[in-house]
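The values are calculated or read from the model by the stated rules, or taken from the named source; none is laboratory data. Computed from a prediction, not measured in an experiment: that's the story for all the values here. With ligands, DNA and RNA removed, areas are computed over all heavy atoms of the protein, side chains included. Shrake-Rupley method; radii C 1.70, N 1.55, O 1.52, S 1.80 Å.
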Amino acid sequence: GGGAEGGGGSGSREAVERLVREHPVVVFMKGSPAQPLCGFSNAVVQILRLHGVEDYRAHDVLQDPDLRQGIKDYSNWPTIPQVYLNGEFVGGCDILLQMHQNGDLVEELKKLGIRSALLDAEKDQEKK
């Protein structure tokens, strides 16, 4: 067994699968949440921040070309960033933005036991 295909390197299906399942919210991005290195990665970080999601795993694909290719193969999605909720591929920046705008993201986070900060923000608006 083994060989280059099933070698279990950072870009292998097994390795990627482990990463997407290691945490309820996983983001593959360019750069880090503190220092995103592309506008789309930055947008994903900002959307998560708006919802008060601070506890998530971020993987910088620029540090690891194997992972960068592996995650694209895994999701069958050609671009980075990629967002996973509960091990399921959600999409990239545009899809996350859409979910943010139509309220789906609040629902998806709720399924993970994460209460979106936007719910509390809306309550504050109602009080005024």
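The alpha carbon radius of gyration of the chain, expressed as a multiple of 2.2 N^0.38 Å, is 1.13.
When the accessible area of region 1-102 is split by element with a 1.4 Å probe, what percent falls to carbon and sulfur?
C and S fraction of accessible area: 47 percent.
Structural descriptor for region 24-128: relative contact order 31 percent, calculated from alpha carbon pairs under 8 angstrom and at least 6 residues apart. Its DSSP H runs of at least 4 residues, each contributing -39,500 (n - 2.57), put the calculated 222 nm mean residue ellipticity of the chain at -14000 deg cm²/dmol, to the nearest 500.
If the chain linking ASP94 and ARG115 were pulled fully straight, counting 0.36 nm for each residue of separation and taking away their Cα-Cα distance, it would gain 5.4 nm.
Among bridges DSSP assigns within the chain, what percent are antiparallel (round to 5)?
Details: 8 of 12 bridges.
The antiparallel proportion sits near 65 percent.
Long hydrophobic helices in the chain, taken as whole DSSP H segments with a C-alpha length of 15 Å or more on their own axis and mean Kyte-Doolittle hydropathy at least -0.5: 39-50. In the context of the full set of protein chains, residues of the chain present 57 Å² of accessible surface per residue (probe radius 1.4 Å, heavy atoms only).
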